[in-house]
Structures are given as C-alpha cells and as structure tokens.
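The structure under discussion appears below in the form of structure tokens.
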Amino acid sequence: MCLLSHLSFLQVLLVFAKEDSQSNGFCWACEKANFRCSMARTPESALECFSEKHHDLVIIDHRHSRHFDAEALSICMLTCVLFLRPDREEASVMPLINAGFNRRYVENANMMACYNELLQLEHGEVRAQFKLRAGNAIFTALEQSQEAIEITSEDQVIQYVNPAYESIMGYQKGELIGKEIIEVPKSEKNKPDLLETINSCIRKGKEWQGIYYAKKKNGDSIQQNVKITPVIGQGGKHKDRRKGSLDVRSTTSRGSDGEILNKYIIIIVNIIITYFVIQVINIINAAQESSPMPVAEALDRVLEILRTTELYSPQLGTKDEDPHTNDLVGGLMTDGLRRLSGNEYIFSTKQPHHIPSHLITPLSLNDIPPRIAQTMENEDSWDFDVFNLEAATMKRPLTYLGLKIFSRFGVCEFLNCPEATLRSWLQVIEANYHSSNSYHNSSHAADVLHATAYFLCKERVKQSLDPIDEVAALIAATVHDVDHPGRTNSFLCNAGSELAILYNDTAVLESHHAALAFQITTRDDKCNIFKNIERNEYRTLRQAIIDMVLATEMTKHFEHVNKFVNSINKPLAESVKSVLTSPENRILVKRMLIKCADISNPCRPQELCIEWAGRISEEYFAQTDEEKRQGLPVVMPVFDRNTCSIPKSQISFIDYFITDMFDAWDAFADLPNLMQHLDNNFKYWKGLDERKLHSLRPPPE
Ligand code: AMP
Ligand code: ZN
C-alpha cells in the first residue's frame with residue numbers, strides 16, 4: 001500500500017463569502033490541477049463541509065474581515081491559505097501563523113498565479129502533512145505488531161523498541177534506547193563469528209535473516225528467527241560512513257542544518273512458536289498465583305494442553321468454551337502430565353493372552369457357520385452391522401470378519417502365509433482385546449477393520465497406495481487397540497501405571513498396542529503371519545503398521561489432519577498429480593485413513609452411531625467412577641454418569657474432531673453416504689439437546 005497514493009485527488013475547500021474573480025481563479029486552478037474543489041460561504045458551512053470531507057487544503061478569503069473571522073476559523077483546518085489585500089501586505093504575518101495559517105497569498109486573480117500557488121502548496125505543506133500521517137500510521141503498526149521490532153542507528157545505537165520487544169525480552173524501552181547493541185548481554189549459544197557475519201552483510205546494504213540466540217533481561221537464552229534490514233535514507237550512500245552514522249536524537253538536535261537521517265537498521269524478531277508458548281505458560285503461571293481455586297484449576301488444564309499438544313490445532317482456544325469439548329480435549333489430547341498422583345494402576349492383563357490349543361477352532365473361511373456368514377454378506381457395504389456379527393459370534397467378530405476381509409484383499413497370498421496361520425493370528429489378537437470394555441473391545445477393532453477395508457476400495461485411495469500399504473493398513477486396523485484397558489492415556493499417566501512409566505507418558509497406549517501386536521505375532525510360529533516374507537519387506541511392513549497405529553493417538557489429531565490437507569488436498573485441487581505417489585504423501589494418506597476409520601462411528605447409520613456413542617460414554621463413565629474411587633484427578637468431569645448429557649458430548653466431539661477431518665477425507669476419497677449419515681446423526685443429537693434430553697434416545701412416546 002502506498003500511503004501517498006491519493007495525492008492526485010487533493011481535496012480543496014474554498015471559503016469565500018462572495019463569488020468573485022479571485023474565487024473563480026482558484027476554482028479554475030483546482031480544475032487544471034485535477035483537485036476536487038468545494039466552496040463554502042459561511043464559517044458554519046465551512047466547518048460542516050470540512051468535518052465531512054477533511055480537505056487537504058483550505059483557502060480562506062481574508063480580504064473582508066467583516067464577513068467572518070478567518071483567524072478563528074483557520075485553527076480548525078489542516079492547511080490554510082490566507083488572502084490579503086495588497087494594501088495590507090506590510091502587516092506582520094505572525095498573528096496569522098499563530099492562528100494556524102501556513103501561508104499567505106496576496107490578492108491575484110490570475111488563473112496561473114492561483115495554479116502555481118496550489119502546486120507549491122501541494123508539493124510543500126500538503127505532502128509533508130501526508131508524510132507525517134503515514135509516519136503515524138507506520139508507528140502505530142509498529143506499536144501494535146506482535147513481532148518484536150528494534151530499530152538502531154547505523155552505528156548500532158538502539159533508537160526504538162516496540163512493546164512486543166519489551167515484553168518478550170523483559171526490558172523496558174528506557175533501559176535500551178540510546179544503548180549500543182553491544183552493551184546488551186548476548187547469548188553464548190551463538191556461533192562466535194555470527195555477529196561479524198551479520199555486520200558484514202548489513203554493511204553491504206544486504207538483509208540478514210537467520211536463527212539467533214538472544215538473552216533476555218533475566219538471563220534466559222531464547223531462540224529467535226531474526227531478520228535484520230538496513231534502511232538507506234536520503235543521502236545515505238554518499239556520506240562518509242563514520243560521519244554519517246547519525247541517530248534520531250542527533251538529527252533532531254541539529255535542526256535544519258541539512259544533516260538528514262542516514263541509515264537505520266530494523267531488526268524484526270519473529271519468535272519461534274515454542275518460545276511463544278513458553279511465554280504464555282509463564283503468564284498463566286503468574287495469573288494462577290493470584291486466582292481463586294476454580295480459575296487456577298481451569299488454568300491448570302490450559303497449561304496441560306499447551307504443554308502437550310502440537311500447535312497444529314487452529315481450533316484450540318476458540319472452540320473450547322464448551323465443557324464437553326474441554327473435557328474431550330483434556331481427556332483425549334493430553335497425557336495428564338503434572339497430575340501424577342503416585343497411585344498405581346495395574347492392568348488387568350499383565351501377560352498377553354495365549355490361547356490354549358484345544359480352544360483354537362479348526363476354522364476356515366469354508367466352514368464358517370451359515371448364521372455367521374449371513375451377517376457378513378454385506379461386509380463390503382458401509383451399512384454393514386458389526387453388532388449383528390458381534391452377537392452371532394458371541395463377541396468374537398474380529399476373527400470372522402478378519403478372515404473374510406483379509407481373504408478378499410489376498411493378504412495370505414501377499415504374506416505367503418497359510419490360512420491357518422492367519423486364523424490363529426486373528427484369534428490370538430482378538431483374545432487380547434478386553435471383552436469387558438464397553439467400547440475398546442474387539443468389536444471396535446472389527447469396526448475399524450471394516451471401515452479401513454471400505455476406504456481401501458475408494459478409487460483415489462487405490463491410486464495412491466501399493467499392495468503392501470493395503471496389507472499394512474488392514475493389519476494395523478486389526479491390532480490398533482489391542483489390550484486396551486478401557487482407560488485413557490491421561491488416566492494411565494495420572495495413575496502412574498506401569499505402561500505410562502515404560503513409555504515415558506508419551507503415546508502410552510498406542511505404543512503399547514503396536515509393541516504388543518508384534519510380540520504376540522512373532523513369539524510363536526503358529527500365528528506368525530510375517531514368517532515367510534523377506535526381511536526387507538518385513539521391515540517396510542512393520543514400519544508402516546507402527547506408523548499407522550501411532551497415528552491413532554489423539555494428541556496428534558490436528559497435526560495429521562492439517563498435514564493431509566496441506567500436502568494432499570490443496571495440491572490435488574490444483575491438479576498436481578504427483579502428490580498421490582510420493583512416499584511421504586502415501587504415509588499421510590495411510591495415517592488419515594486409519595484415523596478416519598478409527599473414529600468413523602459418527603458417520604455410521606444412525607442406530608449404529610447411537611450404539612457406539614452409548615458404549616464410549618459408558619467407558620468414560622467407568623473411568624470417572626474409578627478416578628473418584630481411587631482419589632485420582634477426574635480427567636473428564638462432564639463424563640459423570642449422574643450428570644452427563646450424551647447428546648451434548650456427541651455434538652462437541654463431532655464439532656471439534658470429526659467435521660473438519662471428514663470434510664477433508666471426503667474431498668479426497670469421495671464418501672457422500674458417510675457425510676449424509678454424519679449430517680443426520682448431528683441433527684439427531686441436536687434434536688435431543690434442544691429437547692434438553694441427556695439420554696441416548698428419546699423416551700418412548
Ligand atoms: P482409539 O482409542 O484408537 O479408538 O482412539 C479414538 C479416540 O476417540 C478414543 O479415545 C475414543 O475415546 C474417542 N472417541 C471415539 N468415538 C467417540 C465418540 N463417539 N464420542 C467421544 N469420543 C469418541
Ligand atoms: Zn480405536
């Protein structure tokens with residue numbers, strides 16, 4: 001934006017009690033100069049007109065003082081011209097200057113004389129006024145900027161720091177202005193020759209940009225992304241360097257002796273986001289000290305979120321006013337750090353389940369009982385009902401559905417493994433899901449496997465993935481929650497569980513699911529589906545499975561979704577075909593695929609969606625019950641069975657996690673039926689909520 005760009009449309013106000021040759025002279029001159037001209041006859045109309053248009057130039061007729069008091073009027077104007085009759089020319093100009101007039105003009109109606117006067121005014125007073133105004137605007141921008149900005153003179157004396165600089169570095173501007181940069185303590189973390197490198201760059205008039213470790217007033221080092229720009233002012237290039245190194249104070253003190261400012265150096269500090277977070281954490285810590293208990297506790301939760309989430313989540317801080325969203329975010333996206341109570345939470349299954357060989361049914365695809373086979377007939381449709389299969393298989397749906405789906409995708413052929421090995425593997429994996437969990441049991445794994453297989457058949461997905469990716473996705477879906485204890489990561493961290501300690505409170509459950517899956521698979525040849533594949537292929541497959549299981553961790557939710565949108569959906573929208581095949585992007589597609597499969601329950605047909613919502617709520621309620629029993633922090637207080645509104649919790653879950661993710665996945669994979677179900681389900685929960693119902697379903701009529 002050019003702040004001087006509207007000069008050509010200069011607005012002129014002529015204040016003349018009567019029209020005469022002089023006023024006409026200025027009217028014509030305005031026309032010739034392409035200025036906009038308005039005329040006022042009285043001081044009142046002049047003020048009214050001025051307050052509306054804010055003219056750049058006001059010309060007041062002062063020849064006939066009986067008409068109005070030009071001196072009083074002029075004070076309100078920006079720039080004024082005063083007329084004098086030739087016979088009053090000798091009078092002193094001082095009273096007029098005091099009244100705010102900038103210039104006087106002796107009566108001369110000649111159009112060229114008027115025109116020349118206007119041009120001189122435009123290039124002198126008016127332009128100077130514009131520059132002042134532009135300077136003010138830029139100064140305001142500097143003051144408001146969130147980035148720390150420092151201006152020094154060429155000889156590196158600090159001239160200006162903005163408020164952001166003060167708050168980030170911990171200095172008051174009075175402590176810095178006038179000091180040489182060299183006097184401000186530096187961090188030892190910078191390379192020894194860094195300052196010399198920067199200086200030689202600046203001396204050549206070039207910009208320098210890079211990482212710099214600054215030292216705050218309190219002695220802490222902070223990493224900054226710094227941009228240093230030399231500013232060459234008027235006459236700067238021709239001056240002797242030493243003599244020319246002026247600063248603002250010396251410029252102003254020399255007044256008009258012609259030594260105008262030479263060079264400034266502007267330093268813009270773009271604080272790296274982690275530092276910003278640390279700042280926020282410090283502010284919150286300070287606020288907590290003087291806050292009442294409930295506020296301090298709420299701030300505790302904010303701190304948890306700040307400490308543990310990647311700041312990939314644009315919604316954080318905007319949508320989280322709702323307590324349900326708060327609790328979901330707190331419960332799913334944090335590791336419960338700072339809440340360790342020392343209480344041990346012991347897993348119900350410390351040793352992986354082995355299946356006694358007499359219990360392994362001699363099951364093959366061909367001898368699946370018809371009743372069960374029937375419930376799987378439509379397993380390639382999105383409307384497949386996993387709960388029917390759960391009932392028909394006495395809560396063992398994963399083995400049966402796994403056999404059918406793995407066979408459809410030729411997994412045994414790919415792995416070169418007998419169907420019996422696959423069957424044993426499915427059985428032992430399923431045995432390690434806890435059927436006592438209301439949500440995280442083998443039916444959830446079967447559901448995720450089903451969604452994964454469905455997504456793998458979508459054209460775009462097929463185009464981007466190789467057979468090995470498909471096999472990895474199916475295996476990852478099958479094992480992704482194995483041995484889930486029915487408690488969240490936060491709970492395990494708070495309870496100081498063995499697993500939280502083993503995995504350092506980081507992606508505890510997901511790490512466990514992946515590690516246990518490989519332990520179970522490889523410890524016994526009977527169920528080792530990887531036994532016959534080549535070492536390199538095994539490594540690739542193993543890596544892909546681990547990556548996908550870890551991607552189901554909710555702390556990384558926004559990171560995965562945003563990377564997918566930025567690296568895949570946006571380039572695809574611009575018809576960049578290669579995005580589908582690059583190895584990095586294949587990883588992003590696989591992560592998104594398993595994530596969407598994992599939390600696709602709000603996109604299932606309504607009855608299924610309601611059942612899943614009931615199950616997850618029950619699991620959360622059980623966790624809250626146990627937290628209360630054991631005196632542990634309650635991670636998600638809204639999930640209290642006595643008070644929880646299930647519709648509200650589902651609305652929040654959909655709003656916060658589901659909508660954006662499925663919009664992106666639908667844009668990629670084309671899933672109109674899922675989006676329709678999602679829409680219906682959302683309306684269903686809204687309907688219940690509007691009726692102030694807390695239950696899963698409306699009461700019977
Ligand atoms: P996972 O544990 O791998 O199944 O990860 C998915 C997360 O999303 C889990 O922590 C679930 O508790 C949560 N989740 C899935 N579906 C829902 C739902 N309908 N409402 C609330 N949370 C859900
Ligand atoms: Zn899951």
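The values are calculated or read from the model by the stated rules, or taken from the named source; none is laboratory data. For clarity, every value in this text was computed on a predicted model and none was experimentally measured. Heads up: the accessible areas ignore ligands, DNA and RNA and are worked out on the full protein's heavy atoms, side chains in. Shrake-Rupley method; radii C 1.70, N 1.55, O 1.52, S 1.80 Å.
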(message) Stokes-Einstein diffusion coefficient for region 105-150 at 37 °C in a medium of 0.692 mPa s, Rh from the Kirkwood formula over Cα pairs: what value in µm²/s?
(response) 248
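Under the Kirkwood approximation applied to all pairs of distinct alpha-carbon atoms, what is the hydrodynamic radius of region 538-605 in Å?
Numbers: mean 1/r = 0.0780 Å⁻¹.
Kirkwood radius, region 538-605: 12.8 Å.
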(request) For residue 15, enumerate residues with amide H under 5 Å from its amide H, sequence gap 5+ or separate chain, H modeled in the peptide plane. (result) 40, 59, 60, 61
(request) Pull up all non-local amide H partners of residue 231: gap of 5 or more, or a different chain, and H-to-H distance under 5 Å with H placed in the peptide plane. (result) 264, 265, 266
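Is the C-alpha gyration tensor of region 449-553 telling us rounded, prolate or oblate? Criteria: a/c under 1.5 is rounded; beyond that, a/b larger than b/c is prolate, otherwise oblate.
On the way: a/c = 2.38, a/b = 1.49, b/c = 1.60.
Here region 449-553 falls in the oblate category.
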(request) Using θ = phi - 60° and the Karplus relation 6.51 cos²θ - 1.76 cosθ + 1.60, list the HN-Hα couplings for region 125-135 in order, rounded to whole Hz, with x at every Gly or Pro. (result) 4, 5, 4, 4, 4, 4, 4, 4, 5, 4, x
(request) Would you pull out the residues with amide H under 5 Å of residue 36's amide H, same chain only if 5 or more places away, H placed 1.01 Å from N? (result) 10, 11, 12
(message) Filter 53/131; 458/577; 590/648; 395/648; 173/216; 556/595 down to the pairs with a C-alpha to C-alpha distance above 21 Å, please.
(response) 590/648; 395/648
(message) Once you order the gyration tensor axes a ≥ b ≥ c over the Cα atoms, which shape class does region 172-231 get: rounded for a/c under 1.5, otherwise prolate or oblate by comparing a/b with b/c?
(response) oblate
(request) Return one whole number: the accessible area per residue of region 404-456 in Å², for a 1.4 Å probe. (result) 24
(message) From the phi angles alone, apply the Karplus equation (6.51, -1.76, 1.60; θ = phi - 60°) to region 392-401 and give each ³J(HN,Hα) in whole Hz, x where the residue is Gly or Pro.
(response) 5, 9, 6, 6, 10, x, 5, 4, 5, 5
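Can you run the Rg to Rh ratio on region 142-189? Use alpha carbon positions and the Kirkwood inverse-distance Rh.
Working: Rg = 10.6 Å, Rh = 11.0 Å.
Reported Rg/Rh, Kirkwood definition of Rh: 0.96.
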(request) Two decimals is fine: what's Rg over Rh for region 588-701, C-alpha atoms, Kirkwood radius as Rh? (result) 1.02
